[in-house]
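*Asks:* Before I ask anything, here is the structure I am working with.
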Amino acid sequence: MLDEKALRKPTFIDGHKVTLADGQAWTFPRPRIRLRPKIGVDGRVDIGGGPSFGPEYDDQLDVLFGAVDAEPVERLRVKFEVAVRLLRSNYDLTDRDVGELIVLEPGDAASDERWEQLSDVLLGSAPKPSPAT
């Protein structure tokens, strides 16, 4: 079993905890609000942006928020990509490690709950508390 605390990088950033497939709570950095001018085809300047993990994530977040048309499988791929990159920003993990931690098993209640919490984190919302067991 992986040791979540031992795998933290010196640059670890506190944030939202999500219980991943190994049953441990792993921390994903919190997004910041990042606003920028958005210029329409008519030249009108509006406000663009929103929750952001940095400019290197903007294109992926546009896909997740639906600002860019994408097939469902592409949205899922992007969700995996952002989750892996954010988790690795806090932890020293191998490809195999992330493949065992970030798992989606549709129809499995525990997996569905994990995926909902992870989705909330990626979209800039705090995860909903898990019911007491």
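*Asks:* What residue, among those in segment 1-32 that are part of a strand (DSSP E or B), within 14 Å of A83 (Cβ to Cβ) and hydrophobic (A, V, I, L, M, F, W, C), is farthest from the chain's Cα centre (by Cα)?
*Replies:* W26
*Asks:* State whether one or more residues within segment 33-45 are of a type in the set (D, E) and either closer than 12 Å to S89 by Cα or within 15 Å of the chain's Cα centre (by Cα) (or both).
*Replies:* There is no residue in segment 33-45 that is of a type in the set (D, E) and either closer than 12 Å to S89 by Cα or within 15 Å of the chain's Cα centre (by Cα) (or both).
*Asks:* Working carefully through the options I39, I33, find the one that is among the aliphatic types (A, V, I, L, M) and either within 18 Å of I102 (Cβ to Cβ) or without any contact (Cβ under 8 Å) to a residue 12 or more places away in the chain (or both).
*Replies:* I39
*Asks:* Please identify the pairs in which a residue from segment 1-25 that is under 13 Å from W115 (Cα atoms) has its Cβ atom under 8 Å from the Cβ atom of a residue that is assigned to a loop (DSSP other than H, G, I, E, B) and modelled with pLDDT under 95, counting only partners at least 6 apart or on another chain.
*Replies:* K17/P127; V18/P127; T19/S130; L20/I102; L20/V103; A21/I102; A21/V103
The values are calculated or read from the model by the stated rules, or taken from the named source; none is laboratory data. Given the structure is predicted, the values throughout are model-derived calculations rather than measurements. When we count neighbours, we look across all protein chains shown, and the Cβ atoms used for this are built from the backbone with ideal geometry, even at glycine.
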